[in-house]
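All remarks here apply to the structure that follows.
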Amino acid sequence: MRPDATPHATPATEPATHATPAGHAGDLAHVTHATLGKAAAENFPVAPAFLPRAWRESLMAVYGYARLVDDIGDGDLAPGGADAALLGLDPAAAEDRLAALDAFEADLRRVFHGTPRHPLLASLQPVVRAHGLTPEPFLGLIEANRQDQRVARYATYRELAGYCELSANPVGRLVLSITGTATPERIRRSDEICTALQIVEHLQDVTEDLGRDRIYLPAEDMRRFHVTEADLAAPTAGAAVRSLIAYEAERARHLLDAGTPLVGSVHGRLRLLLAGFVGGGRAALRAISAAGFDVLPGPPGPTKTGLLREVAAVLRPAPRKG
């Protein structure tokens, strides 16, 4: 499911081969800020201020990577074609998402073997070197976005979980690697949390995804609840759609509960960060429930108060472990 590992370090003194023309510095800053600025809209804190500075910078570099690859796959790059130009993409192919993903993968490989062109990938390179990160999780995120170009419907939950293995789980594994806390058991718990968070996002974005001709609700579940694609295109959800969303929300809740022991297995500020991830998912699920499971008018989002309440609830019962 993941490509073979490749060497992940190059000499720190390697000269830059893709210098940025001075006249384009403002454009590069705009591209970077446009991508990283989306962090505030996430269900959970991406790199909160209470973390050590080195962790924050590393996590934001990983977030920038994940956000940019998603924007390529969704066709949401900043207007003007600056990202495509940075990746060395032929202007005639700038709207070809698969071509853009190929160019992005080529630039990712420069992170491990040379000097990347894109500033967000350039900022990732010292993180990769400092933590000995391997290409696999980064390549998984690219492959998930390739799959989005080829697969628009999922027949079973098992198929959807396979997609989440590429689209979400690598991020949690990178967090554990950056904080030096990865173990097989923690990775398993992290995967449960990340898959749950991906499902929650799918539930929030049913209408947006349908606008892109994508449905992340398993067809087997839609049949079980007698939900058609036309039902999902309605301005508000009927009883059948609400029942389906409630079912998928409960599935996500069970996954979050299964992964929650990860929080109690670590200490200090990392414990707070992981509680933020779990609490963010729970707060989003609470918002979906408060909307009567009607997600079709728009994504029900958690409030700040709701998020803090859920984070506190995660921290209270989580036992500390050595």
Kindly evaluate Ala100 against the criterion of being hydrophobic (A, V, I, L, M, F, W, C), more than 17 Å from Tyr63 (Cβ to Cβ) and touching a residue at least 24 places away in the same chain (Cβ under 8 Å). yes
By residue number, the members of the stretch 217-234 that are buried (at least 17 other Cβ atoms within 10 Å of the Cβ) and outside any helix (DSSP H, G or I) are Leu217, Pro218, Phe225, Val227
Would you tally the residues in the stretch 195-216 being on the phi < 0 side of the Ramachandran plot and touching a residue at least 60 places away in the same chain (Cβ under 8 Å)? 15
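Give the residues of the stretch 141-155 that are outside any helix (DSSP H, G or I) and crowded, with 16+ Cβ neighbours inside 10 Å, sorted by residue number.
Residue satisfying the conditions is Tyr154 alone.
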Hits in the stretch 195-214 - residues which are in contact with a Pro (Cβ under 8 Å, 6 or more places away or on another chain) and open to solvent by less than 20 Å² (accessible area, probe 1.4 Å): Gln204
Going by the structure shown, is Arg158 under 18 Å from the mean Cα position of the chain (by Cα), over 30 Å from Arg271 (Cβ atoms) and at pLDDT 95 or above? no
Out of the residues in the stretch 89-140 that are small (Gly, Ala, Ser) and open to solvent by less than 30 Å² (accessible area, probe 1.4 Å), state the one that is farthest from Asn169 (Cα to Cα). Ala93
Could you tell me which residue of the stretch 258-271 is farthest from the chain's Cα centre (by Cα), considering only residues that are of a type in the set (Val, Ile, Thr) and in a loop (DSSP other than H, G, I, E, B)? Val266
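Each row is one residue, and each column tells you yes or no for (1) in contact with a His (Cβ under 6 Å, 6 or more places away or on another chain); (2) open to solvent by less than 10 Å² (accessible area, probe 1.4 Å); (3) not in a helix (DSSP H, G or I).
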{"position": "Leu256", "(1), (2), (3)": "no, yes, no"}
{"position": "Leu273", "(1), (2), (3)": "no, yes, no"}
{"position": "Gly281", "(1), (2), (3)": "no, yes, no"}
{"position": "Ala284", "(1), (2), (3)": "no, yes, no"}
{"position": "Gly298", "(1), (2), (3)": "no, no, yes"}
{"position": "Gly301", "(1), (2), (3)": "no, no, yes"}
{"position": "Leu308", "(1), (2), (3)": "no, no, no"}
{"position": "Ala312", "(1), (2), (3)": "no, no, no"}
Checked Ala249, Ala237 against criteria (among the small types (Gly, Ala, Ser), in a helix (DSSP H, G or I), touching a residue at least 12 places away in the same chain (Cβ under 8 Å) and open to solvent by less than 70 Å² (accessible area, probe 1.4 Å)); the one match is Ala249
If only one of Arg158, Arg189 is in contact with a helix residue (DSSP H, G or I) (Cβ under 6 Å, 6 or more places away or on another chain), open to solvent by 20 Å² or more (accessible area, probe 1.4 Å) and assigned to a helix (DSSP H, G or I), which one is it? Arg189
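The values are calculated or read from the model by the stated rules, or taken from the named source; none is laboratory data. All figures in this text were calculated on a predicted structure; none of them were measured in a lab. We place every Cβ from the backbone using ideal geometry, glycine too, and count neighbours over all the protein chains shown. To get the accessible areas, we keep the full protein, side chains included, count just its heavy atoms, and leave off ligands, DNA and RNA. Shrake-Rupley method; radii C 1.70, N 1.55, O 1.52, S 1.80 Å.
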